[in-house]
1. How much mean residue ellipticity at 222 nm does the chain get from its helices, if each DSSP H run of length 4 or more adds -39500 (n - 2.57) and you divide by all residues, to the nearest 500 deg cm²/dmol?
2. State the number of lysine pairs found in the chain whose Cα atoms come within less than 30 Å, restricting to pairs 8 or more positions apart or on distinct chains.
3. What percentage of all Cα-Cα pairs in the chain are separated by more than 18 Å?
4. Specify the angular offset, from 0 to 90 degrees and rounded to the nearest 10, of the alpha carbon long axis of helix 75-108 from the longest principal axis of the alpha carbons in the chain.
5. Could you list which residues have their amide H under 5 Å from that of Val59, counting only those 5 or more apart in sequence or on another chain, with H placed in the peptide plane?
6. Using each residue's phi in the range 49-58, evaluate 6.51 cos²θ - 1.76 cosθ + 1.60 at θ = phi - 60° and report the 3J(HN,Hα) Karplus result to the nearest Hz, with x for Gly and Pro.
7. Using alpha-carbon pairs under 8 Å, 6+ residues apart, how would you state the relative contact order of the chain in percent?
8. Return P(r) of the range 5-75 (all Cα-Cα pairs; 5 Å bins starting at 0; whole %; ordered from short to long distances).
Amino acid sequence: MQQDTLSKTFSALADPTRRAILARLSTGESSVSELAEPFDMSLPAITKHLKVLERAGLVTRSRSAQWRPCQLQARPLKEAYGWVEQYRQFWEQSLDRLESYLQELQTTAKPAPKGEQHE
């Protein structure tokens with residue numbers, strides 16, 4: 001069964017190394033060896049991470065003579081943001097309703113009679 005785009009995006013983002021690669025690519029294109037520099041792993045391991053990012057549509061690799069630069073493709077991130085944004089709005093609205101309800105409770109609460117107050 002083929003995964004949908006959103007599932008591929010979140011799956012690719014689940015790994016901290018891949019998120020770090022995307023962060024690096026957000027500053028501009030890089031070669032595989034440049035991307036591998038900050039990591040304590042082999043070039044083949046970095047290449048495997050890049051393949052996951054490519055399958056998710058987050059990275060493209062082109063060829064320029066001997067150099068194969070990698071570039072960030074942000075469209076899948078925008079789609080993921082749109083999906084997450086729906087739930088952010090839901091939670092904000094829910095919390096706003098809860099806040100209104102709590103404020104209503106505070107304004108309608110009657111103070112306890114003087115003899116029954118607790119300190």
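Computed from the coordinates by the stated procedures, all read-outs in this text should not be read as laboratory data. Treat the numbers as computed from the prediction; the structure is a model and nothing was measured.
1. Details: 5 runs with 71 residues, N = 119.
Calculated mean residue ellipticity at 222 nm is -19500 deg cm²/dmol.
2. Details: Lys8/Lys48; Lys8/Lys51; Lys8/Lys78; Lys48/Lys78; Lys51/Lys78.
Pairs that pass both the separation and distance tests number 5.
3. Values: 4494 of 7021 pairs.
Result for the distance tail: 64 percent.
4. Approximately 10 degrees, to the nearest ten.
5. Glu54, Gln73
6. Karplus-based 3J(HN,Hα) across the range 49-58 equals 4, 5, 5, 4, 5, 5, 4, 7, x, 8 Hz.
7. On the way: 84 pairs, mean separation 29.9, N = 119.
RCO, the chain: 25 percent.
8. So the P(r) values, bin by bin, are 4, 18, 32, 27, 14, 5, 1.
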